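Asks: There's a structure below that I have some questions on.
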Amino acid sequence: MSDLNLDKLPGGFKGMSTDIGSDQTAFKGVNWGKAMMWIFLLSDTFIFSCFLISYMKVRASVVEPWPYPSEVFALEFMGAPVPLLLIAIMTFVLITSSGTMALAVKYGYEKNKKMCGWFVLLTAIGGLTFVGMQAFEWSKLIFHEGVRPWANPFGAEQFGAFFFMITGFHGTHVSIGVIFLFIFARKVFKGDFDTGKRGYFTTMKSDYVAIEILGLYWHFVDLVWVFIFAFFYLW
Amino acid sequence: MAEAKKEQTTTHKIGIYLWIWGLLFVLSFFSYMVDWYNFQGLLRWTLILIFMFLKAGLIMAFFMHLFWERYALVNVLLWPMTAIACFVGLMVAEGKYTVFSRMFYFFVGGA
């Protein structure tokens, strides 16, 4: 990667055809781990799309009225129900953590161990907050409102199944991300990326590019939330 | 000099991240306002979709660095997503047909 001079290669669509037709690495200047993460994220996009599209299809074709999310997800605040309050806070928490991750990646590029580590840790805490709020939201719906995958008091029965499936799958992604963020925060602070120490599961040397790969995953989780927020909560 | 140039392709000024971060906050706030003011119908959908695509675009382009990647990678990602958008369009039409036939056989009755 280091001996490759990207500036000398043609750009744009011409560059694309020469890159792919070069009989070499198709993704010039892209670390293989990063390319693999992109491919994984693309396949994850397909899964989330399948969930959201089937949800949309069912919601568009049920004859019973769909539960109105603005009221279902309202939160009592100072005695008055505020629509979507918790969801709005969750959105802001996730965007905040996405921003701190972007900064962590930036400082990772600059091999700034301290700043990178703190921002990764901050991101992990943001993610943890998000998961905590989601757990609160779930328990409120399950124990207080009696929402079940097969029934709910608000309207169309399919609501529960889609809600738990989609937000649950997203929450699982966030949780896995949080675990990795904590592990990588530790690795950054330990200086593994500076010394190139080899990891537990791989013989490859540790490198700050791992922070960028982790960042891609974390931004993707935020990206999915953008779509869930729009299609599930705002619709 | 060559070294400095190589660095520039991988690291970016902090300002760009802060700008995008701020924009994401503003856009999220706007999309929350869509619900707050209870816009309905076509206006609601247009606003929701505009804010959604702007946010998704900003995250992908700058936070995920796609803006700086070569077209070989960008196109591998964007064309499948375009196919998904077509799939969404197909399923919207299908959903409309399903609800139409449900209502039709409920009120008019089948053979």
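The values are calculated or read from the model by the stated rules, or taken from the named source; none is laboratory data. Values in this document were obtained by computation on a predicted structure and should not be read as measured data. No Cβ is skipped: glycine too gets one built from the backbone with ideal geometry, and neighbour counts run over all protein chains shown.
Asks: Do you know which of the residues in segment A:25-64 that are within 16 Å of B:ALA83 (Cα to Cα), buried (at least 18 other Cβ atoms within 10 Å of the Cβ) and facing chain B (nearest Cβ under 9 Å) is farthest from the chain's Cα centre (by Cα)?
Replies: It comes out as A:ILE53.
Asks: Step by step: first the residues of segment A:74-95, then only those that are within 8 Å of another protein chain (Cβ to nearest Cβ), free of Cβ contacts under 8 Å to residues at least 60 places away in the same chain and within 20 Å of the chain's Cα centre (by Cα), then the one that is surrounded by the most Cβ atoms within 10 Å (Cβ to Cβ). Which residue is that?
Replies: My answer is A:ALA88.
Asks: Please name all residue pairs, on different chains or six or more residues apart, with Cβ atoms under 6 Å, provided the first residue is in segment B:77-106 and is farther than 24 Å from B:ALA61 by Cα and the second residue is of a type in the set (Lys, Arg) and in a helix (DSSP H, G or I).
Replies: Going by the 6 Å Cβ cut-off, the qualifying pairs are B:MET91/A:LYS57; B:GLY95/A:LYS57.
Asks: Tell me whether segment B:39-49 contains one or more residues that are within 30 Å of A:LEU103 (Cβ to Cβ), within 8 Å of chain A (Cβ to nearest Cβ) and assigned to a helix (DSSP H, G or I). Full working, then the answer.
Replies: Filtering segment B:39-49 down to residues within 30 Å of A:LEU103 (Cβ to Cβ) leaves B:47-49.
Now drop any that are not within 8 Å of chain A (Cβ to nearest Cβ), which leaves B:48-49.
This time we only want the ones that are assigned to a helix (DSSP H, G or I), so: B:48-49.
Yes.
Asks: Exactly one condition in (1) in a helix (DSSP H, G or I); (2) at positive phi; (3) of a type outside the set (Lys, Arg) is false for A:PHE40; which is it?
Replies: Among (1) in a helix (DSSP H, G or I); (2) at positive phi; (3) of a type outside the set (Lys, Arg), A:PHE40 violates only (2).
Asks: If you scan segment A:221-235, which residues turn out to be in a helix (DSSP H, G or I), facing chain B (nearest Cβ under 10 Å) and of a type outside the set (A, V, I, L, M)?
Replies: A:ASP222, A:TRP225, A:PHE227, A:PHE229, A:PHE231, A:TYR233, listed by residue number.
Asks: So, one more: Tell me yes or no: at least one residue of segment A:196-204 is part of a loop (DSSP other than H, G, I, E, B), in contact with a strand residue (DSSP E or B) (Cβ under 8 Å, 6 or more places away or on another chain) and of a type in the set (Gly, Ala, Ser).
Replies: Yes: one or more hits.
Asks: Of the residues B:ALA61, B:ALA83, which is out of contact with any helix residue (DSSP H, G or I) (no Cβ under 9 Å at 6 or more places or on another chain) and modelled with pLDDT of 90 or more? Step through it out loud before you land on a result.
Replies: Working: B:ALA61 fails: out of contact with any helix residue (DSSP H, G or I) (no Cβ under 9 Å at 6 or more places or on another chain).
Going through B:ALA61, B:ALA83 in turn, the sole match is B:ALA83.
Asks: Let me ask something else about it. Can you confirm whether B:VAL88 is more than 7 Å from chain A (Cβ to nearest Cβ), among the β-branched types (Val, Ile, Thr) and touching a helix residue (DSSP H, G or I) at 6+ places or on another chain (Cβ under 9 Å)?
Replies: Taking the combined requirement at face value, the residue does not satisfy it.
Asks: Right, something else. Out of A:TYR208, A:TYR217, A:TYR200, report the one residue that is modelled with pLDDT under 90 and under 28 Å from A:ILE95 (Cβ atoms). Walk me through it before giving the result.
Replies: Working: A:TYR217 fails: modelled with pLDDT under 90; A:TYR200 fails: under 28 Å from A:ILE95 (Cβ atoms).
Only one candidate qualifies: A:TYR208.
Asks: Provide a single number: the residues in segment A:206-220 that are buried (at least 24 other Cβ atoms within 10 Å of the Cβ), more than 8 Å from chain B (Cβ to nearest Cβ) and over 16 Å from A:LEU103 (Cβ atoms).
Replies: Counting residues in segment A:206-220 that are buried (at least 24 other Cβ atoms within 10 Å of the Cβ), more than 8 Å from chain B (Cβ to nearest Cβ) and over 16 Å from A:LEU103 (Cβ atoms) gives 0.
Asks: Suppose we keep only residues that are within 13 Å of the chain's Cα centre (by Cα) and of a type in the set (Val, Ile, Thr) within segment A:96-135. Which one would you say is nearest to the other protein chains (Cβ to nearest Cβ)?
Replies: Here the answer is A:THR96.
Asks: Go through segment B:50-73 and give me each residue that's without any contact (Cβ under 8 Å) to a residue 24 or more places away in the chain, facing chain A (nearest Cβ under 8 Å) and in a helix (DSSP H, G or I).
Replies: Of everything in segment B:50-73, those that are without any contact (Cβ under 8 Å) to a residue 24 or more places away in the chain, facing chain A (nearest Cβ under 8 Å) and in a helix (DSSP H, G or I) turn out to be B:MET52, B:ALA56, B:MET60, B:TYR71, B:ALA72, B:LEU73.
Asks: Then there's this: Where in segment A:67-186 are there helices (runs of 4 or more DSSP H), lying fully within it, with 1 or more residues that are assigned by TED's automatic domain parsing to the domain that holds A:ILE47 and modelled with pLDDT under 90? First the steps, then the outcome.
Replies: Working: elements: A:69-72, A:85-109, A:113-139.
In segment A:67-186, A:69-72, A:85-109 are the helices (runs of 4 or more DSSP H) which contain 1 or more residues that are assigned by TED's automatic domain parsing to the domain that holds A:ILE47 and modelled with pLDDT under 90.
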